[in-house]
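Only one structure is covered here, and it is reproduced in the block below.
Every read-out reported here was derived from the displayed coordinates using simple, explicitly stated rules and does not represent laboratory data. From a predicted model like this one, the values you see are computed outputs, not experimental measurements. As a convention, Cβ positions derive from the backbone with ideal geometry for all residues, glycine included, and neighbour counts pool all protein chains shown.
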Amino acid sequence: MDPGRMPTRPPGALPGRTHQGDSLADILERVLDKGIVIAGDIQINLLDIELLTIKLRLLIASVDKAPEMGIDWWESDPTLQRLESGNGDKRLARENQELRERLDRLERQAGSGRE
């Protein structure tokens, strides 16, 4: 490169970023990390009478990013909790153990109160 010549960026490239061929995996990783919203409305009218309006809202984000945006509906969905075989089994085993320990404490307290 000529020392007196400033580097140029390819057309369409963002300032401060090197231009390189992004793979689909790189683009998907960036989208899931930041999140993306796609919104659109479809309206069907007949003689200036609104017959149908469809509002489309699509949010694409990773499971880690979504709770930061206030979206966590899958955590309370019973259908999805049943599908989480590994995590669901561990969660149920932990809850079962906690309940057994609580029952033991209550039985000891009830037994010591009678004497």
| Quick one: if you stick a label point 7 Å off each Cα along the C-beta vector at ASP64 and LEU106, how many nm between them? | 4.0
| field | Packing-based ranking, highest mean first, of 73-79, 62-68 given that Cβ atoms within 10 Å are counted | value | 62-68, 73-79
| Among all the lysines, which ones have a C-alpha under 27 Å from LYS90's C-alpha, if same-chain residues fewer than 8 places away are not counted? | LYS65
| said: 7 Å from Cα along Cα→Cβ at both ASP77 and SER23: what's the point-to-point distance in nm? | reply: 3.0
